[in-house]
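Before any comments, here is the structure.
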Amino acid sequence: NSDGHLGNIYKPADKANYTLLAQEFRRQLDALGATTGKHYTLSAFLPADPAKISAGIDVPGLFGAFDFATIQGYDYHGAWETTTNQQSALTLPAGDPSPANQRFSSEIAINAYVSGGAPKSKLTLGIPF
């Protein structure tokens, strides 16, 4: 699921409710823009893990509301793991030592959103510095 840190409360309705929240923000921002003549940008920072995307992100619903979204392009691996691995791989490295369900790369993340219906023009990749 997409529950995050231990102790977070996660409910099955969260995926649909997040989409409804984003759509309501978009509706209200568009209404404000109609009175001011401005466009107000709505964006979000979204996970890279395909399992979390599937569990918690309604890709077509959210991207209908967002102007763009930034996909987390780092912290794929870190000190919480027992094996050293690439923290922000653009593509899956040959010989990746992670279990199959924990192999991450920016390519995998972006492809998960595109396959789910996100327009490429609305995707940005957050990178480490």
Where labels lie 7 Å past Cα in the beta-carbon direction, separation of Gln28 and Thr82 in nm
4.8
Taking a point 7 angstrom from the Cα of Asn8 along the C-beta vector, which residues in region 49-63 have backbone N less than 18 Å away?
49-59, 62
Scan [x] 30, 17, 12; [y] 25, 15, 13; [z] 23, 18, 13 for the value of semi-axes √(5λ) of the Cα gyration tensor in Å calculated from this model and give just the label.
[x]
Contour excess over end-to-end distance, with Cα ends at Ala100 and Ser115 and 0.36 nm allotted per residue:
3.5 nm
May I ask you to list the lysines whose Cα is less than 18 Å away from that of Lys52, ignoring any residue fewer than eight positions away on the same chain?
Lys11, Lys15
What angle, in degrees between 0 and 90 and rounded to the nearest 10, separates the Cα long axis of helix 14-36 from the longest principal axis of the Cα atoms of the chain?
40
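Taken together, the values in this text are just the output of simple stated rules run on the coordinates, not laboratory data. Keep in mind the model is a prediction, meaning the values are calculated, not measured. Every residue, glycine as well, gets a Cβ built from its backbone with ideal geometry; the counts of neighbours run over all protein chains shown.
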